[in-house]
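First the structure, in the form of structure tokens, and then the observations on it.
The values are calculated or read from the model by the stated rules, or taken from the named source; none is laboratory data. Since the structure is predicted, the reported quantities are computational estimates derived from the model, not experimental observations. Here Cβ is always computed from backbone atoms with ideal geometry, including for glycine, and neighbour counts include all displayed protein chains. Protein only, heavy atoms only, side chains kept; ligands, DNA and RNA dropped before computing areas. Shrake-Rupley method; radii C 1.70, N 1.55, O 1.52, S 1.80 Å.
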Amino acid sequence: GSDMIVWECDPQADVFTYVSPQALRLGHPLAKWYEPGFWRNILHEEDRETAVRYCLEETTAGRDHRFQYRIYSATGNILWLDDLVSIYETADGRRMLRGVMIDITERKALELELVQKVREVEESRQAAEQASRAKSEFLANMSHEIRTPMTAILGYADLLTVEGDVNQAPENRLCALSAIRRNGSHLLAIINDILDLSK
């Protein structure tokens, strides 16, 4: 692709011996790339140590390698590069590096967005589960809280119905007691249904 920066480097001197014109996309003048230590200088401070150490270890071991790191463009933007490095030896036995840098900033941004979305979905799922648990607990507690006095009301209604000479009780009092028992039983049935639902 046109966004590939082809380069060669002398690791001993810590200097690029060739950089393709595509490097201009990163905003730094080509002449800058040929200054010793340039690559190290444009590395993001959080990646600098690990990237330099990794490249050095692999080069010392004579292994081709590939790694990703962040650099600063000339305007101070943070860019992600994917760097594929191969090792070759010159006629006089010096170990040289050559490779291809690919700007993967957009891909990284998409990856981060995806990770963020997955995290948001997971968080909202957990919140929904928590809300559901809280609702069930609330219903169960409320049902217990209501059931206890309801049982007492029914018990007293029963007591009043059988206590004393029921035959002498006024008609409207018996009607009222019957209404209390009927509605109380109905309420208790509803409460039990709610309890079953919340289990």
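Restricting the first member to region 151-163 and to residues that are more than 17 Å from Leu188 (Cβ to Cβ) and open to solvent by 80 Å² or more (accessible area, probe 1.4 Å), and the second to residues that are assigned to a helix (DSSP H, G or I) and at pLDDT 85 or above, the beta-carbon pairs closer than 8 Å and six or more apart or on different chains are Leu160/Leu177. Select from region 63-92 the residues that are of a type in the set (Gly, Ala, Ser) and part of a loop (DSSP other than H, G, I, E, B) and write down the one among them that is farthest from Glu46 (Cα to Cα). Result: Ala91.
Pairing each residue of region 98-121 that is in a helix (DSSP H, G or I) with any residue that is surrounded by 10 or more Cβ atoms within 10 Å (Cβ to Cβ), provided the two are 6+ apart or on different chains, yields C-beta distances under 7 Å for Thr105/Leu79; Thr105/Trp80; Lys108/Trp80. Selection of first residues in region 184-195 that are assigned to a helix (DSSP H, G or I) and modelled with pLDDT under 85 and of second residues that are open to solvent by less than 50 Å² (accessible area, probe 1.4 Å) and of a type in the set (S, T, N, Q), restricted to Cβ pairs under 7 Å at least 6 apart or on distinct chains, gives the following pairs, ordered by first then second residue: Ile191/Ser143; Ile194/Ser143; Leu195/Ser143.
The residues of region 4-53 that are hydrophobic (A, V, I, L, M, F, W, C) and assigned to a helix (DSSP H, G or I), listed by number, are Ala23, Leu24, Leu26, Leu30, Ala31, Trp33, Phe38, Trp39, Ile42, Ala51, Val52.
Scan region 79-86 and tell me whether some residue there is touching a helix residue (DSSP H, G or I) at 6+ places or on another chain (Cβ under 6 Å) and either at negative phi or without any contact (Cβ under 8 Å) to a residue 60 or more places away in the chain (or both). Yes, because at least one residue in region 79-86 is touching a helix residue (DSSP H, G or I) at 6+ places or on another chain (Cβ under 6 Å) and either at negative phi or without any contact (Cβ under 8 Å) to a residue 60 or more places away in the chain (or both). Just one residue in the set Ile5, Ile87, Ile104 is open to solvent by less than 80 Å² (accessible area, probe 1.4 Å) and in contact with a Phe, Trp or Tyr (Cβ under 7 Å, 6 or more places away or on another chain); that residue is Ile104.
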